[in-house]
1. For a protection proxy built on the mean count of beta-carbon atoms within 10 angstrom, sort A:100-107, A:160-167 highest first, please.
2. Let me know the shape class of chain B, please: from the alpha-carbon gyration tensor, a ≥ b ≥ c as square roots of the eigenvalues, rounded when a/c is under 1.5, otherwise prolate if a/b is greater than b/c, or oblate.
3. Angle check, please: helix A:6-45 long axis (alpha carbons) against the longest principal axis of chain A (alpha carbons), in degrees 0 to 90, nearest 10.
4. Any chance you could give the angle, 0 to 90 degrees and rounded to 10, that helix A:160-187 forms with the longest Cα principal axis of chain A?
5. Taking the 0 to 90 degree range and rounding to the nearest ten, how far is the long axis of helix A:49-58 tilted relative to the main principal axis of chain A, both from C-alpha atoms?
6. So how far apart, in nm, are the two label points at residue A:128 and residue A:7 if each is 7 Å from Cα heading toward Cβ?
7. Given all pairs of different Cα atoms, what value in angstroms does the Kirkwood hydrodynamic radius of the stretch A:1-157 take?
8. What do you get for Rg/Rh of the stretch A:96-151 when both radii come from the Cα atoms and Rh is the Kirkwood radius?
């Protein structure tokens, strides 16, 4: 038996720690990429508007960590935003929103997302309770807005992968809805 | 080498897809149930090495499924990880009261889930 070389042992332990750290980073990357893939797949698998809303509800709850959202169609011609679906928040709060008014209206007007990393607070459905408000695009046109309100208590704050997920939602919710409305409308 | 078998029980398509994506890259066979009743049936028939059980499911929720699994000889000792969007202490306590071994909250943290899976499978 050779005596254990202390220096070799320490180097092996350091290498083990590096590999463990790398392994964790890879697992996190897999999680983040899987989230993006699942979000896109779920939205585009739906063939009717209710299916898209259900997919969105699952994405917001399971991938982002909120149970409150409202989805709006933007009617640029009339300058209004119309509620298309709400989950976990009272619909009456969004009866009349003008484009350019409040966080939701401003996002519809400017096409720029609003994100509060620490999460929204205050009364559910209010501007203060908005965690993220995302323009929904088809190409370069903003055709709607998605507002996500309070985060679940254990979620804490939004992190960088959540922002990547928001970009996916911005780009894919409106095309998925448009397809689903057309496909469903053509069959009924 | 025989792969270890994991039963995933969740009624959410997105949750199942995420869990599968995390686990299939590891040396596990994955089977799926979409409600609590189905989870109990599949656990009895397929003898999984570990069960990942969502709390909110139709027909039979995860707490009741866990309680029943603990009453059956074939699944009495099978490790169970409960998954929920509700991370409040009383929910976690309810999970442990019905016999789960560990708990994770949604959104799922991949490294955390995999670490708990490996730990419960003795890897």
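Where a number appears in this text, it was derived from the coordinates with a stated rule and is not lab data. Model, not experiment: these values are computed from the prediction. Because the Cβ atoms are built from the backbone with ideal geometry, glycine has one as well, and the counts that use them run over all protein chains shown.
1. Highest mean packing first, the order is A:100-107, A:160-167.
2. rounded
3. Orientation of helix A:6-45: about 20 degrees from the principal axis.
4. Once rounded, one gets 40 degrees.
5. So the helix axis and the longest Cα principal axis differ by about 30 degrees.
6. Going from the residue A:128 label point to the residue A:7 one covers 6.4 nm.
7. Across the stretch A:1-157, the inverse of the average 1/r is 18.0 Å.
8. 0.98
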